[in-house]
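Just below is one structure, and these are the notes that go with it.
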Amino acid sequence: MTADGRKTARRAEAERNDHALLAAARAVLATDGAHASVAAIAKHAGVGIGSLYRRYPTKEALFQRLLDIVLDDYLTAAETALADPDPWNGLSGYVTTVIAFAGSLGPIAGTLPLTPAILDKNRRADEAVAAVIDRAHAAGVLRADASVIDVELLIEQLGKSPLIEQLAKQGRTDLSEAAQNAHTRITAIALDGLRATGHPPLPGEPPGPELFTERWEVPGSSEGTAPAGH
């Protein structure tokens, strides 16, 4: 391999490691919160601690980079929503898109300094989201008493799924699809609550008992299931 080829290979590896670290940081934050450790993030990413520190000298630097990327995603999602000619489709598309990536960052709110660049990007994202909400209000498709903060807090709550996380920890890949379907339905129910009028059908199939009472069963135990709701 030529010197240029080796440099290209190293850059490609560094880029793969960076993507893996950022994805791992999101995943570990979702379960460990602000106490997420650098060691746990590196392990989840499948890279060594040294590789992490070469790219990000501190955990704070890693989280700042992650926040910067997520703000880009927020802005893109809001701009896409505004480009949709249907105000409700734009709003619901924004909510479902952001739910997929935003939930894990809540724990680090208020724990790290924000650079001027991040603050500016946050301002632009906030303005774009406010425009999405204002347009939906003006069209009469969003309930009048729902504010921007209501919508953003709804997204934050739905971005974290205790059910999906629990099943992942247990290695219950057999229930992954059913759990994701259940989360999609819950999201649709929440979105329907934002509508000024109308109730569209829920997506997917109704979740079965395997996602509620039956998942409380301890493998190999002869005891019955836990009461519903516990």
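The values are calculated or read from the model by the stated rules, or taken from the named source; none is laboratory data. Just so you know, these numbers come straight off a predicted model, no measurement behind them. Reconstructed Cβ throughout: ideal geometry from the backbone, glycine too, with neighbour counts over all protein chains shown. The area values use the complete protein model at the heavy-atom level, side chains included, leaving out ligands, DNA and RNA. Shrake-Rupley method; radii C 1.70, N 1.55, O 1.52, S 1.80 Å.
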Within the stretch 145-152, can one find any residue that is under 22 Å from LEU62 (Cβ atoms), buried (at least 17 other Cβ atoms within 10 Å of the Cβ) and free of Cβ contacts under 8 Å to residues at least 60 places away in the same chain? no
Of (1) surrounded by fewer than 17 Cβ atoms within 10 Å (Cβ to Cβ); (2) out of contact with any Ser or Thr (no Cβ under 7 Å at 6 or more places or on another chain), LEU105 satisfies every one except (1)
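Residue by residue, here is whether (1) more than 30 Å from ALA138 (Cα to Cα); (2) free of Cβ contacts under 8 Å to residues at least 60 places away in the same chain; (3) open to solvent by less than 60 Å² (accessible area, probe 1.4 Å) holds:
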position: ARG55; (1), (2), (3): yes, yes, no
position: PHE63; (1), (2), (3): yes, yes, yes
position: ASP68; (1), (2), (3): yes, yes, yes
position: ALA78; (1), (2), (3): no, yes, yes
position: ALA81; (1), (2), (3): no, yes, yes
position: PRO85; (1), (2), (3): no, yes, no
position: ASN89; (1), (2), (3): no, yes, no
position: THR97; (1), (2), (3): no, yes, no
Among (1) within 30 Å of ASP192 (Cα to Cα); (2) modelled with pLDDT under 90; (3) among the hydroxyl-bearing types (Ser, Thr, Tyr), SER51 falls short only on (1)
Listed by first then second residue, the pairs whose first member lies in the stretch 12-29 and is within 12 Å of LEU105 (Cα to Cα), whose partner is open to solvent by 60 Å² or more (accessible area, probe 1.4 Å) and assigned to a helix (DSSP H, G or I), with beta carbons under 6 Å and at least 6 positions apart or on separate chains, are ALA27/HIS44; VAL28/HIS44
Exercise for the section: Please verify whether the stretch 154-166 includes one or more residues that are loosely packed, with under 14 Cβ neighbours inside 10 Å and charged (D, E, K, R). Expected result: no
When LYS169 is run through (1) among the basic types (Lys, Arg); (2) out of contact with any Lys or Arg (no Cβ under 8 Å at 6 or more places or on another chain); (3) modelled with pLDDT of 90 or more; (4) open to solvent by 60 Å² or more (accessible area, probe 1.4 Å), the failure sits at (3)
The number of residues in the stretch 109-137 that are open to solvent by 40 Å² or more (accessible area, probe 1.4 Å) and outside any helix (DSSP H, G or I) is 6
Q) Does VAL141 satisfy the criteria of being touching a helix residue (DSSP H, G or I) at 6+ places or on another chain (Cβ under 9 Å), closer than 18 Å to ALA196 by Cα and buried (at least 16 other Cβ atoms within 10 Å of the Cβ)? A) yes
With criteria (1) open to solvent by less than 70 Å² (accessible area, probe 1.4 Å); (2) modelled with pLDDT of 90 or more; (3) not aliphatic (A, V, I, L, M), GLY5 comes up short on (2)
Could you please let me know if VAL47 is within 19 Å of the chain's Cα centre (by Cα) and open to solvent by less than 30 Å² (accessible area, probe 1.4 Å)?
no
Do we have any residue at all in the stretch 82-96 that's among the charged types (D, E, K, R) and in a helix (DSSP H, G or I)? no
